[in-house]
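Engineer: Before I ask anything, here is the structure I am working with.
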Amino acid sequence: MPEKTPKTVVSKILAPKDVTSCDATAQMVAKARRDDVELCFDRAANMKACPIGADSACCKHCSMGPCRLNAKDPYGKVGVCGATIDTIMARNFGRMVASGAAAHTDHGMAMLDLFREVVNGRITDYEIKDTEKLLDVAASIDIETEGRSIQDIANDLYAELERTYTQVEGEIPFAKRVPEKTLETWRKLGIVPRGAMREIMELMHRTHIGVDQHYENITKQCNRTALSDGWGGSMVATEISDILYGTPSPVVADVNMGVLKENMVNIIIHGHEPNLFESMMASVNSPVLVEAAKAAGAGGINLVGMCCSGAEMMSRHGIPHAGNFTSTEAILCTGAVDAMGVDIQCIKQGLAKVAECYQTPLFTTNPRCHIEGATHIEFNDHTPADCTDEIVIKAITRFKNRSLPVEIPKITNPGVHGFSAEYITYMLGGSFRGSYTPLNENIINGRIRGVAGVVGCTNPRVKQDWVHVELVRELIKNDVLVLQTGCSQIALAKAGLYTPESACLAGPGLREVCETVGMPPVLGMGSCVDNSRILIAASEMVRTGGLGSSIAELPAAGAAPEWMSEKAISIGQYFVASGVYTVFGVTFPIVENTKFHKLLFNGLEEQGLGKWGFTPDPYEMAHMMIAHIDKKRKALGIDKARERVLVDMNDRRQIDAA
Ligand code: NFS
């Protein structure tokens with residue numbers, strides 16, 4: 001290794017097989033240790049999590065502190081200002097929601113900026129690709145579409161969606177998509193978002209020292225802010241991306257580190273906004289650059305994705321995906337990555353050191369995200385090729401000068417991805433009678449027990465992918481149809497569950513539906529902002545009928561079993577506020593047996609919303625979700641149908657066995 005190798009691996013560390021259930025990542029962890037290179041797994045082992053911080057029992061919002069309370073005796077002490085444990089935890093939680101919501105809404109706003117410039121003709125590298133989606137989105141928020149030009153509709157859509165961010169009074173535009181009864185509950189509670197900027201600002205204000213000191217009132221603003229993310233910023237990001245780049249429909253794609261090719265110039269794009277990736281697609285297909293790669297001795301240029309923009313591009317275009325959050329450093333150990341370009345969010349600073357060790361140029365591209373030690377080439381939507389062409393040229397140079405050994409894990413997992421909410425309509429109903437009716441019918445008759453959203457990060461505090469995979473296997477075995485996004489989708493793809501053949505792992509009812517339609521029992525919907533697709537699917541299920549009149553009545557549940565980011569907390573809170581029982585793993589940043597804990601885990605449900613749950617154990621998590629689904633089935637009066645279906649299937653099995 002080069003002499004500059006930064007830091008010797010210290011640790012008393014776990015074996016590679018124990019830090020990840022991803023074989024490719026384990027192979028690279030072993031290589032990193034041979035090469036004396038430190039990865040996130042090693043840092044996690046060497047950094048004991050602060051127990052007081054983990055419980056959110058400390059406050060450092062002013063200089064009278066920081067104040068530390070005792071989780072074992074939570075009401076034994078208060079902060080210097082008198083803040084109780086409930087105020088402190090609610091303030092910390094609120095700031096996580098504000099930060100997570102800000103990340104998604106800023107991403108959505110960047111997409112909207114791009115859309116405005118495309119519509120007014122100042123940007124010509126992108127165009128409106130999906131006019132059908134444009135019309136659908138416009139109609140969904142009452143913009144007149146009949147007999148009008150695309151240009152006029154697009155202008156109106158921009159003006160309307162801008163309100164998602166800037167409006168100071170009223171309701172955000174996509175509130176019109178919320179099922180009536182759910183919206184009524186929000187109105188009654190005073191939590192319909194006005195505009196994301198206002199909600200985030202107000203939440204930051206209220207969590208300042210000496211402002212909101214009632215955990216219930218802070219939680220109310222948490223709900224309002226989180227909803228401005230889910231039904232606001234995130235939903236705008238998804239819808240505008242679909243309009244500009246196309247709404248996903250099923251596509252076969254390879255996942256895992258084996259998508260790197262030894263004889264190709266390998267470029268990884270990792271981050272969250274699709275613009276950089278879309279432009280990189282154009283650059284790697286430029287005949288001049290392809291020729292340059294060949295002149296350097298390569299077979300061509302190989303573009304792959306990681307993390308969320310990777311999941312989005314895979315869903316939309318079938319671009320191969322190399323791995324999720326916890327694998328982004330490990331993949332550099334292959335020595336085969338000729339350039340990594342990043343934009344925003346979930347970009348570990350540790351990448352810079354690992355990239356240096358393996359002589360991989362690391363490029364930051366977004367004005368919001370620079371990293372010390374990385375090269376910054378700013379990406380500008382008006383001249384995107386300036387950035388992406390340069391990255392390709394640097395990658396070709398690196399390929400030509402490769403001097404380190406290359407070791408690529410020979411593992412790829414093909415699967416079917418790209419199930420948008422729109423495609424589910426078509427998939428189950430066909431093009432002439434496309435609707436959610438067949439899905440609802442299969443839930444009502446009990447073949448499908450319910451629907452679960454399993455989403456979110458991986459986290460080096462737990463064995464990578466393992467909780468996701470075990471949870472999802474348990475859910476589908478029990479006839480629960482699973483919808484996925486983000487790093488969780490990649491975990492299951494690597495476990496091979498994205499093939500229609502994996503329907504054999506599902507319970508008899510779900511299996512029958514999957515085999516009839518030819519779909520996997522696990523449907524991948526894209527990146528984390530695409531969790532908005534799950535909200536839209538849930539709203540469609542309510543609207544279609546037979547499953548209650550609010551999202552809270554659906555036999556549905558959500559989970560982020562290996563979460564780590566503040567974005568995940570915002571997502572969890574907007575699912576809860578939308579009416580969904582949402583279970584998190586790893587750890588939960590709240591002290592148990594406190595008033596705030598009771599509010600999040602029970603009280604919100606009594607207000608007509610959803611509620612939080614927590615367990616690090618995937619099997620327990622699955623059965624908590626299934627019990628909730630069964631409770632909802634019973635309340636809807638459809639529990640008997642399911643019993644009949646199961647008796648039928650048992651009978652059938654006995655007949656088969658005889
Ligand atoms: Ni979501 Fe995407 Fe992954 Fe977690 Fe990070 S990439 S936005 S936050 S780690 S799922």
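Laboratory data are not the source of any read-out in this text; all were calculated from the coordinates shown. Just so it is clear, the model here is predicted, and its values are computed rather than measured. Cβ placement follows ideal geometry from the backbone for every residue including glycine, while neighbour counts extend to all protein chains displayed.
Engineer: Going through segment 571-651, which GluC sites (Glu not before Pro) have at most 14 other Cβ atoms within 10 Å and a DSSP loop state?
Structural biologist: Taking segment 571-651 and a limit of 14 other Cβ atoms within 10 Å, the loop GluC sites (Glu not before Pro) found are Glu592.
Engineer: A further question on this structure: Which order, highest average first, do 305-311, 627-633, 340-346 follow once you tally other Cβ atoms within 10 Å for each residue and take the mean per peptide?
Structural biologist: Averaged packing, sorted descending, gives the order 305-311, 340-346, 627-633.
Engineer: If you don't mind, another one. Filter the cross-link list Lys220/Lys598; Lys463/Lys611; Lys181/Lys632 down to pairs whose alpha-carbon distance in this structure exceeds 19 Å.
Structural biologist: Long pairs (Cα-Cα over 19 Å): Lys463/Lys611.
Engineer: Sequence-distant or interchain residues sharing an amide H contact under 5 Å with Val482, placed H: which?
Structural biologist: Ala452, Leu523
Engineer: Can you list which of the GluC sites (Glu not before Pro) found in segment 165-226 are DSSP loop residues with at most 10 other C-beta atoms within 10 Å? Write out the running numbers ahead of the final one.
Structural biologist: Working: sites: Glu169, Glu171, Glu180, Glu184, Glu199, Glu202, Glu216; in loops: Glu169, Glu171.
Answer in residue order: Glu169.
Engineer: I would also like to ask the following. Could you work out the local net charge near Ser249, counting Lys and Arg as +1, Asp and Glu as -1, over the other residues with Cβ closer than 15 Å to its Cβ?
Structural biologist: Net charge around Ser249: -3.
Engineer: Another question about this same structure. Considering only DSSP states other than H, G, I, E and B, which trypsin sites (Lys or Arg not before Pro) in segment 420-504 qualify as loop sites with at most 12 other Cβ atoms within 10 Å?
Structural biologist: Hits after loop and neighbour filter: Arg433.
Engineer: What residues have an amide H closer than 5 Å to that of Glu38, excluding those fewer than 5 places away on the same chain, when H is modeled at 1.01 Å from N in the peptide plane?
Structural biologist: Distant-sequence amide H within range of Glu38: Lys7.
Engineer: Could I ask something else about it? Antiparallel versus total DSSP beta bridges in the chain: what percent is that, nearest 5?
Structural biologist: 15
Engineer: Net charge around Glu117, counting only other residues with Cβ within less than 14 Å of its Cβ (Lys, Arg = +1; Asp, Glu = -1)?
Structural biologist: Every neighbour counted, the sum reads -3.
Engineer: What's the longest piece of the chain with no exposed chymotrypsin sites (Phe, Trp or Tyr not before Pro), counting a site as exposed if DSSP puts it in a loop and it has at most 16 other beta carbons within 10 Å?
Structural biologist: The longest such stretch corresponds to 76-431.
Engineer: Counting only residues 5 or more places away or on other chains, whose amide H sits under 5 Å from the amide H of Leu554 once H atoms are built in the peptide plane?
Structural biologist: Hits under the 5 Å cutoff: none.
Engineer: Which pairs, out of Lys394/Lys567; Lys60/Lys353; Lys48/Lys348; Lys188/Lys640; Lys31/Lys294; Lys129/Lys394, put more than 27 Å between their alpha-carbon atoms? Walk me through the numbers before you get to the answer.
Structural biologist: Working: Lys394/Lys567 32 Å; Lys60/Lys353 30 Å; Lys48/Lys348 18 Å; Lys188/Lys640 34 Å; Lys31/Lys294 29 Å; Lys129/Lys394 30 Å.
Beyond 27 Å between Cα atoms: Lys394/Lys567; Lys60/Lys353; Lys188/Lys640; Lys31/Lys294; Lys129/Lys394.
Engineer: Also, I was wondering about something else. What does the C-alpha gyration tensor say about the overall shape of the chain? Classify as rounded when a/c is under 1.5, otherwise prolate if a/b is larger than b/c, or oblate. Present the calculation step by step, with values, prior to reporting the outcome.
Structural biologist: Values: a/c = 1.27, a/b = 1.17, b/c = 1.08.
In terms of gyration-tensor shape, rounded.
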